[in-house]
Structure formats: structure tokens, C-alpha cells
1. Among the listed residues D244, D264, D272, which satisfies the condition of being over 22 Å from D196 (Cβ atoms) and charged (D, E, K, R)?
2. Identify all residues within region 55-75 that are over 17 Å from the mean Cα position of the chain (by Cα) and surrounded by fewer than 17 Cβ atoms within 10 Å (Cβ to Cβ); write none if there are none.
3. Kindly indicate whether any position in region 251-262 is closer than 28 Å to Y148 by Cβ and touching a residue at least 12 places away in the same chain (Cβ under 8 Å).
4. Which strands (runs of 3 or more DSSP E) does region 88-192 wholly contain that include 1 or more residues that are surrounded by fewer than 19 Cβ atoms within 10 Å (Cβ to Cβ) and touching a helix residue (DSSP H, G or I) at 6+ places or on another chain (Cβ under 9 Å)?
5. In region 265-276, is there at least one residue being within 26 Å of the chain's Cα centre (by Cα) and not in a helix (DSSP H, G or I)?
Amino acid sequence: MKRYIFLAMLLALFSLAIAQTGYIVPRVMINPGAPKVQIEPYAYVVDGEGNKYYPVMTINDSTTTTSTLLLKDGNEEACIVDWTGNGDLQVISTTAETESPVIPSVVTIYSQTRTLTYFRSENNNFYWTDADVPLSLTYLDIHGSDSYGDISSLSGLTKLTYLSFYSTAVTGDISSLSGLTKLTYLNFTYINVTGDISSLSGLTELTYLRFHNTGITYTSTTLPNWDNCEIYGQNCNWTETMVDAFLADLDASSVSSTKSVRLDGTNAPPSDPAGLASVASLEAKGWTVTVTAQP
């Protein structure tokens with residue numbers, strides 16, 4: 001009997017230790033043939049008030065310094081991050097990016113609601129695939145970092161309203177985003193993405209579209225009415241044909257606007273008279289149009 005009482009006391013102490021440290025003991029899984037041991041996410045982690053947080057996203061981070069994150073769950077509440085898979089836990093602010101206290105490796109995000117809706121980071125070296133990205137995301141913003149992955153992995157994020165990659169190492173064809181029809185803000189700047197703007201003609205809710213300094217092109221299509229949309233497409237090495245076609249198609253769908261469209265920089269000038277006629281027509285409708293000047 002004393003032995004059983006002693007074992008019960010040990011179990012109680014062990015349970016108390018788990019609650020106080022804020023996480024449960026991880027499981028370790030050996031992958032046959034893999035060069036290293038992979039640590040699975042904890043089933044849940046616990047904060048100081050006893051609230052349970054469940055894993056919603058795991059990504060690799062190969063930075064050699066620190067990383068930062070700003071996260072929100074489905075109730076716009078804070079999430080907890082394990083930066084290494086070894087119990088390096090930290091509560092992440094919902095108002096400013098939180099810097100990791102250690103050098104990250106395998107990063108797991110935990111949420112009380114089992115959802116993640118907001119993800120922002122300016123400093124990291126994340127790599128992800130479509131298996132890593134939660135479908136609950138409505139806001140995704142990664143810039144000024146060495147994050148890499150293919151944007152096709154985002155094709156299932158149909159709840160996204162805000163998507164921005166600025167000066168990162170992401171790649172891929174923008175046609176994979178044609179189904180993200182709730183997007184109001186779309187930014188690809190200084191990154192190596194390709195594809196044709198015509199593939200985004202179904203994104204009728206856009207109020208901001210930036211794709212300058214990319215490999216994105218344009219042929220011709222029936223564009224939506226983007227009178228509410230700021231458009232920035234400078235420095236994409238567009239030919240005169242591309243510039244003329246985009247201006248003509250934008251004009252054809254426009255009624256009246258107070259927005260701007262920029263197609264200058266390394267893009268060719270619009271033709272004279274057809275391209276310049278489209279510029280004049282757009283300006284008459286209220287657009288501010290900036291194009292490369294005729295030589």
C-alpha cells in the first residue's frame with residue numbers, strides 16, 4: 001500500500017511540474033534514414049493561468065541570429081511559440097513583433113482557438129510548404145527577410161484578405177493565387193515571382209496591387225473594375241505591347257477613379273498614339289497615371 005501511495009505522490013508531483021513549466025513532455029520520433037531526430041510538437045502547452053494552447057503551424061527557420069513574429073489567433077488573442085522544438089516557449093505580442101530569445105530552428109505556433117488568422121514577420125529565414133500553412137489565415141505578411149518557398153503553397157488560403165511579400169526569396173507563378181478572391185491587398189515587391197496579371201482578373205475586391213521589381217508580365221484580358229485599386233507595376237521590364245495592353249484593358253473596365261497606376265521605371269513607354277490615348281482616357285476618369293516617358 002505504501003508503495004502505491006508513493007507512486008501516486010510521484011505522479012501528482014510530475015503533473016504539477018508539467019502545469020508549472022507550461023508544456024508537456026515532447027514525443028521523439030526517429031525517421032528511418034533521416035540524418036537527425038525530429039521532435040513532434042507538444043500535444044498542447046499551458047500558460048501561467050492554466051490555459052491550453054494547441055499546435056496550428058510548424059515551419060523551419062534556418063536563421064543564424066534571431067527571428068521576429070506578430071501573431072493572432074481566431075479571437076485576435078496572443079499565441080505561444082516554441083522556437084526550437086525543445087520547449088523554448090514565448091508568448092507572442094498581438095501589437096508588435098516579438099523577437100525570439102534564442103536562435104530558432106523548428107518553430108511551432110500554438111493557439112487557444114486551434115486557429116491562426118494573423119502572421120507577420122520582418123526578420124526570419126522561414127521555409128514552408130502547403131502542408132505547413134493553416135487554412136484559417138486571413139493576413140500574411142513577410143518582408144525584409146530570407147524566407148523562401150513557392151507561392152503555390154498558398155493557393156488554398158481562400159480566407160486571405162491581405163497577402164504581402166517584400167524583398168524575400170519566395171518564388172512561383174501568381175496564377176496559383178487566382179482563387180484567393182477575398183484578397184483586398186496583394187503585394188509582391190523585389191521578389192522572383194512570375195506569371196501574368198491577367199490570371200488575377202477574378203480578384204475583384206482588390207484595393208491595393210503592387211508587383212514592381214518582379215518578373216510578372218501581362219498579355220491581355222477583360223480586367224475587373226479596379227477603380228478602387230492602387231496599382232504599382234514599375235520596373236518589370238514590360239514591353240510596349242504589354243504596357244499598351246494593360247492601360248487599354250484597365251481603361252475599358254474603368255468608370256471613375258481617384259487612384260494611381262504606375263508603369264514606369266524599366267518598363268517601355270506606351271506607344272504613340274494608342275498607348276498615350278489610353279493614358280489620356282484614364283486621366284480623364286480621375287486616375288493618376290505614371291508611365292515611362294517617350295524618348
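1. Just a single option satisfies the conditions, and that option is D272.
2. Selection gives S62, T64, T65, T66, N75.
3. Within region 251-262, one or more residues are closer than 28 Å to Y148 by Cβ and touching a residue at least 12 places away in the same chain (Cβ under 8 Å).
4. The strands (runs of 3 or more DSSP E) meeting that bar are 171-173.
5. So far as region 265-276 goes, no, none of its residues is within 26 Å of the chain's Cα centre (by Cα) and not in a helix (DSSP H, G or I).
We did not get these values from a lab; they are worked out from the coordinates using the rules stated. Source: prediction; values computed, not measured. With ideal geometry, Cβ positions are generated from the backbone for all residues, glycine too; neighbour counts draw on all protein chains shown.
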